[in-house]
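Here is the structure we will look at.
Values quoted throughout were computed directly from the atomic coordinates according to the rules given, and no laboratory measurement underlies them. Computed from a prediction, not measured in an experiment: that's the story for all the values here.
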């Protein structure tokens, strides 16, 4: 699985996913303090599932007609 972990995802979760051999990009490293719309655009362009605690992300994706790789809301 290819994942973009939002800044609100704790580091132990990211580390655990990596130990399970998932590819994980961290927002803090690739786009710190980016707006939700920018995170959605990054995850689309890189074909990454967006992992977040932010409920607004799901609403933004649902209101947009473009395909998206997916969101994991914790």
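For this structure, a couple of remarks:
- Along its principal axes, the chain has C-alpha extents of 34, 22, 21 angstrom, given from the largest down.
- Between the Cα long axis of helix 36-46 and the first principal axis of the chain there is an angle of about 70°, rounded to the nearest 10.
- Taking each DSSP H run with n ≥ 4 as -39500 (n - 2.57) and averaging over every residue of the chain yields -12000 deg cm²/dmol at 222 nm.
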